[in-house]
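The values are calculated or read from the model by the stated rules, or taken from the named source; none is laboratory data. Quantities reported herein were computed from a predicted structural model and do not represent experimental measurements. Glycine also receives a Cβ, built like all others from the backbone with ideal geometry; neighbour counts cover every protein chain displayed. These area figures cover heavy atoms from the full protein model, side chains too; ligands, DNA and RNA do not enter into them. Shrake-Rupley method; radii C 1.70, N 1.55, O 1.52, S 1.80 Å.
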Amino acid sequence: MNKFYFIFISCFLLSCSPKIKTSIVEKQEKASFIKEVVVIPENTTINTKYKKIGETQAGDSGFTVNCGYNLMINLLKNEALKNGANALRITKHIYPSLYGSSCHRFKADLLFVEDIDSLKNSLNISRPIQTETNDFVANKRIENGEPSTVTETTTNGTLKKDKASKFVVIANVGPSFRVAKTPDNTSAEQKAYIKKLKSGLGYELTAYYMKDENTGFGFKYNVHKSSGSLSNQTMEFGDGSVWTGTISDAIAIQFIGASFLFTEGQNARVGEGTMELALGYMSYKDIASFSGNRMTIKGGNLGIVGGFGYHFRISPSFLVGPQVNFVGAVLNKVTVNYADGSSEKITFKEDEKENLWRIDLALGAKFRF
């Protein structure tokens, strides 16, 4: 039994380790005089003579938990030393992602550079790589061995970082689709009309104060609007009278409430994934008319908005991308205001409640301040 546990624990520890893969194209004996491996950033021109020994890569094994920038680079440096290389040229660096791996992943060439001092001077390597204390956070970007937000050095030699954005504003606009079931006791023409009213335009504006680089709290304003008309409709009233004419509706569903944001950091490499959740008040208003007789139907209830998006970086403070929102509430009662000034309150039965749930497909813009 002890032997079984030993094997199990060994396999588990191995599965938690980063995955290293190396292929050699020109064998080079390990040289004892090589004491240091120079890391060459992506897209860097090498102006001194060298030969390529092979290629190596470090990635996520699927259960890897310790895979920060410096640890992964050091693993690749060890591969270089084992194979007689004194330089590591990064060819691809995939940064940690909110929706992907939490690891820094690399592909690199193993090189032997004849004049390594000349290479170091050309790369202007004057200080060691800084230690990352929280590599899981996606916005800890690394460029040329240092966090990309570094702008200057303090008097004691430690690195100073730019201040993170304190405010984020997200604006979305696009088609919006209500998902409530159409009543069965309607004609085909009326069903088509109701289906048209369920599709409209959705837009929203949300402002956040960022508690830290990844979480923020703020307020969301979300709107769905749709309208339509249908001619030659007949309506029979309770007093026995019958009217024939055109019906029309102009519907506005508005939400305002507190919202929570979880986002990738402002220095994530390509863009920023976001998740939002808001809770607040959702109002319903329908300006309806039949053959010129106008009425206003109003109601409201507790509502919720949940959203997922990905915004591609156009500039450090401006991003654009797709957003999907799930928005909803249920109306238990409404107030009907008639043109003559009278009003009526209607409470729906359980199977008659108005379902306001919908899906918003939007194009969003994200601003950082």
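Structural remarks
- Under 9 Å, Cβ to Cβ, from Phe255 - net charge with Lys/Arg +1 and Asp/Glu -1: 0
- Residue-count net charge about Lys77 - beta-carbon cut-off 14 Å; Lys, Arg +1, Asp, Glu -1: +1
- Extending 7 Å from Cα along the Cβ direction at Leu363 and again at Lys349 yields two label points whose distance is 4.6 nm.
- Figure legend: label point modelled 7 angstrom from the Cα of Thr244 along Cα→Cβ; no residues of segment 274-288 have amide N under 15 Å from it.
- Candidate lysines - alpha carbon under 16 Å from Lys366, same-chain residues fewer than 8 apart omitted: Lys166, Lys220
- Using bins of 5 Å that start at zero, the share of Cα-Cα pairs per bin across segment 184-256 amounts to 3, 12, 15, 14, 13, 10, 8, 7, 6, 4, 4, 2, 1, 0, in whole %.
- Surface share of carbon and sulfur [accessible, 1.4 angstrom probe, percent] for segment 321-369: 59
- A 1.4 Å probe run over the protein chains yields, for segment 212-359, 52 Å² of accessible area per residue, whole-number rounding.
- Amide H partners (placed H, <5 Å) of Glu354, local residues excluded: Leu331
- For segment 305-319, the Karplus equation 6.51 cos²θ - 1.76 cosθ + 1.60, evaluated at θ = phi - 60°, returns couplings of 9, x, x, 10, x, 9, 10, 7, 6, 8, 8, x, 10, 9, 9 Hz by residue, with Gly and Pro reported as x.
- Label-point separation in nm, Lys196 to Arg294, each point 7 Å along Cα→Cβ: 2.1
- Extension gain, Leu277-Val324: 0.36 nm per intervening residue step, less the Cα-Cα distance, totals 15.7 nm.
- The equivalent ellipsoid that matches the C-alpha gyration tensor of segment 288-369 spans semi-axes of 39, 16, 11 angstrom, in descending order.
- Pairwise FRET efficiency - Thr215 versus Phe177, Cβ, R0 = 30 Å, nearest 0.05: 0.50
- Residues of segment 73-88 with an amide N closer than 18 Å to a point placed 7 Å from the Cα of Ile24 along the Cα-to-Cβ direction: 76-88.
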